[in-house]
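Report on the following structure.
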Amino acid sequence: MHNPSKVSANILTDDSITIETINDCDIIRIQVPRANRHLRPIYICGNREKGTYRRDGEGDYRCSSEEIVAMIRDASNEPLDDTVLEEFPLDALSWDTVSRYRAVVSAARPNHPWLKLDDEEFLVKLNAIGRTNGEGEFHPTRAGLLMFGFEYEIAKEYANYFLDYREADQERRWADRITSQDGTWTGNLFDFWTEALPRLTSGLKKPFALDNNLQRIEDTEMHAAIREALANALVHSDYYGRRGIVALRYSDRIEIANPGNSRVALDVVRAGGISDARNPTLMRMFGLISACERMGSGFDVMSNAAKAASAPPPEIEELFNPDRVMVKVYTGKLSAFYLDTDAPSNSSPSETNHTPASSSSAQPSVPAPQLALSHDLAKIVEGRFHT
């Protein structure tokens, strides 16, 4: 293990190797820890392309070039999303989206000093635009392009860029769907956030409560949990990865999956307190509108919401080939569609990039008429129903 011609990095310690006796036989037990992302990929025999393997289930498989390149990207100490894209003009950005974002910042932080700046200066402060080596004209950064750009411009940098929201309906398969590629809207992250988040939370009950100013409290712990789940997917995604971001709403849960593996071990994610954002500039942009936290508290927020709603705990899972992270948040008694059953639905979402609306993978846990009625009632209550 200490021979670099055999293994590129030794991540074992003396405590990793023990001798245990089982059925009168001495067994050498080697516990292989998760490698720090700065050391990946770890490979054998001096050959990174052919000597990089990953454990999947009970076997090992040789990593593809795509997986190896993703590990190399993640190994860098430099944030990838603040890179200035010289080949993109500022016209690649939607200034209408910038105006909408500023309005949300103004509502969340009305006294923020950046609100006094013009749009260009505001974007410089966000690190959404910049100059190469501090000289010449302004160009979008990767984060600025993702947050405020037009989908057809974003796809020039991120060939697999895709955003997808779907709402399950047993009879019609998908009752509502938004994709970044339909051409009717910008397709950028911020506009997806503003379109998808109200849909993901529209079926949640809002208990009657007043704040200190006798104003109705519209937010619950479950609203915060779903907000965290969506924001985390947007800021932790590897946008060069395949299959894009998919947000699915079922009657009893929300499922959100994003490209890229978890940069923090899943047991650490569940414990909370540590954050390692793949796109720290995007995290700062979403943090400015109070959409996410920086201190790795997202899973705690989801767990607390599940307890308050008498729902199963949230789940997080890493999927491979391609790398993805999936989070499930069960809505329990706070869902307008809640049925008093012993267990949540075990149906699995379909995550193909361009799944037609008639996909047969959706299996919601309530009958279609009840789901459709509840959905219409929810829209009436929110003032969004039009005949």
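The values are calculated or read from the model by the stated rules, or taken from the named source; none is laboratory data. From a predicted model like this one, the values you see are computed outputs, not experimental measurements. Please note: Cβ atoms are built from the backbone with ideal geometry, for glycine as well, and neighbour counts cover all protein chains shown. Remember, those area values only see protein heavy atoms, side chains included, never the ligands or the DNA or RNA. Shrake-Rupley method; radii C 1.70, N 1.55, O 1.52, S 1.80 Å.
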In the stretch 193-243, the residues that are at negative phi, modelled with pLDDT of 80 or more and in a loop (DSSP other than H, G, I, E, B): S202, T220, S237, D238, Y239, Y240, G241, R242
Pick from the stretch 260-295 the residues that are small (G, A, S) and more than 20 Å from H223 (Cβ to Cβ): which of them is modelled with the highest pLDDT? G260
When (1) over 24 Å from the mean Cα position of the chain (by Cα); (2) at pLDDT below 95 are applied to A108, the one that fails is (1)
Please indicate, with yes or no, whether at least one residue in the stretch 21-37 is modelled with pLDDT of 90 or more and either of a type in the set (F, W, Y) or in contact with a Lys or Arg (Cβ under 6 Å, 6 or more places away or on another chain) (or both). no
Which one of these is of a type in the set (K, R) and under 28 Å from I154 (Cα atoms): R37, R48, R55? R37
Counting only residues that are among the aliphatic types (A, V, I, L, M) and open to solvent by 10 Å² or more (accessible area, probe 1.4 Å), how many does the stretch 248-282 have? 8
Please return the ranges of helices (runs of 4 or more DSSP H) entirely within the stretch 44-140 where 2 or more residues are on the phi < 0 side of the Ramachandran plot and touching a strand residue (DSSP E or B) at 6+ places or on another chain (Cβ under 8 Å). 65-75, 119-126
Here is a check on your reading of the model: is A143 assigned to a helix (DSSP H, G or I) and open to solvent by 10 Å² or more (accessible area, probe 1.4 Å)? no
Give the residues of the stretch 39-78 that are small (G, A, S), out of contact with any helix residue (DSSP H, G or I) (no Cβ under 6 Å at 6 or more places or on another chain) and surrounded by 11 or more Cβ atoms within 10 Å (Cβ to Cβ), sorted by residue number. G46, G51, S64, A70
The listed residue being modelled with pLDDT of 95 or more and exposed (fewer than 13 other Cβ atoms within 10 Å of the Cβ), out of S99, S94: S99
For the stretch 162-192: of the residues being open to solvent by less than 20 Å² (accessible area, probe 1.4 Å), in contact with a helix residue (DSSP H, G or I) (Cβ under 7 Å, 6 or more places away or on another chain) and closer than 20 Å to E255 by Cβ, which is modelled with the lowest pLDDT? D169
Regarding V329, is this residue farther than 28 Å from G149 by Cα, surrounded by 22 or more Cβ atoms within 10 Å (Cβ to Cβ) and out of contact with any Leu (no Cβ under 8 Å at 6 or more places or on another chain)? yes
Checking the structure you have, find out if any residue of the stretch 129-140 is open to solvent by 10 Å² or more (accessible area, probe 1.4 Å) and within 25 Å of R324 (Cβ to Cβ). no
Of the conditions (1) open to solvent by 20 Å² or more (accessible area, probe 1.4 Å); (2) touching a helix residue (DSSP H, G or I) at 6+ places or on another chain (Cβ under 6 Å), the single one that P110 does not satisfy is (2)
Which residues, taken from the stretch 6-20, are closer than 19 Å to R62 by Cβ and either open to solvent by 80 Å² or more (accessible area, probe 1.4 Å) or at pLDDT below 90 (or both)? K6
